[in-house]
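**Q** I have a structure I would like to understand better, so I am pasting it below and will then ask my questions one at a time.
The values are calculated or read from the model by the stated rules, or taken from the named source; none is laboratory data. Remember, it's a predicted structure, so these values are computed and weren't measured experimentally. Cβ placement follows ideal geometry from the backbone for every residue including glycine, while neighbour counts extend to all protein chains displayed.
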């Protein structure tokens, strides 16, 4: 058994030495005037950017708002945040691949439009319509086909694309949104009525 281990160790050592020798001797020799030497350029993506680092793809880092606040006045008028945005902190370009909205328990989605369309609804019926636009793109709005969950955007369109973090002029997009909400009989504060899901993907070829 000991002899076998010694033989295996010797073979491994020889193989290692051979591989090192091959790496060190892997060079082109130009032996005539005007001759050509060719060097291959190789690429390795590593976690720390070093030649011997662990293999890793480019890291994605994109921030989306944790809250999209809505305030509805006593007359039904709605106010929303004007500074909501998505920011790409990654080195590579990204896109918003899809957007969907899901009503919270006890609430229902309805068609977005003029607030007057909800005037006939009963108080505390907990219905709301929603509109969202990314990067000055076309507004995507809810309809009355599904009260619980709707896809507002199923593919990236104009306004959904962001460059990498090095390009500060285009690595973020604004979120413009609006809503209509049925009347409430009691005051509410920061009540969650829905969740908006942004699917982010690399803007790849």
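**Q** Kindly evaluate residue 130 against the criterion of being surrounded by fewer than 19 Cβ atoms within 10 Å (Cβ to Cβ) and at pLDDT 95 or above. It would help to see each step written out before you state the result.
**A** On the way: surrounded by fewer than 19 Cβ atoms within 10 Å (Cβ to Cβ): no; at pLDDT 95 or above: yes.
No; evaluated as a whole, the condition is false for this residue.
**Q** Taking interchain pairs and intrachain pairs at least six residues apart, which have beta carbon atoms under 6 angstrom, with the first residue in the range 34-45 and in contact (Cβ under 8 Å) with a residue 24 or more places away in the chain and at positive phi and the second loosely packed, with under 10 Cβ neighbours inside 10 Å and outside any loop (DSSP other than H, G, I, E, B)?
**A** none
**Q** Do you know which of the residues in the range 149-185 that are out of contact with any strand residue (DSSP E or B) (no Cβ under 7 Å at 6 or more places or on another chain) and free of Cβ contacts under 8 Å to residues at least 24 places away in the same chain is surrounded by the most Cβ atoms within 10 Å (Cβ to Cβ)?
**A** That would be 157.
**Q** Next question. Of all residues in the range 38-81, which are assigned to a loop (DSSP other than H, G, I, E, B), under 30 Å from residue 130 (Cα atoms) and within 29 Å of the chain's Cα centre (by Cα)? Reasoning before the result, please.
**A** Filtering the range 38-81 for residues assigned to a loop (DSSP other than H, G, I, E, B) gives 38-45, 47-54, 56-61, 64-69, 73-77, 81.
Narrowing the set further to residues that are under 30 Å from residue 130 (Cα atoms) leaves 60-61, 64-69, 73-77, 81.
Matches in the range 38-81: 60, 61, 64, 65, 66, 67, 68, 69, 81.
**Q** Which residue out of 49, 76 is surrounded by fewer than 16 Cβ atoms within 10 Å (Cβ to Cβ) and touching a helix residue (DSSP H, G or I) at 6+ places or on another chain (Cβ under 6 Å)?
**A** After applying the criteria, what remains is 76.
**Q** Next up: If we scan the range 97-106, do we find a residue that is over 19 Å from residue 147 (Cβ atoms), modelled with pLDDT of 95 or more and in a strand (DSSP E or B)?
**A** Filtering the range 97-106 down to residues over 19 Å from residue 147 (Cβ atoms) leaves 97-98.
Filter once more, so that each one left must be modelled with pLDDT of 95 or more: 97-98.
Cutting the leftovers down to in a strand (DSSP E or B) gives us 97-98.
Scanning the range 97-106 turns up at least one residue that is over 19 Å from residue 147 (Cβ atoms), modelled with pLDDT of 95 or more and in a strand (DSSP E or B).
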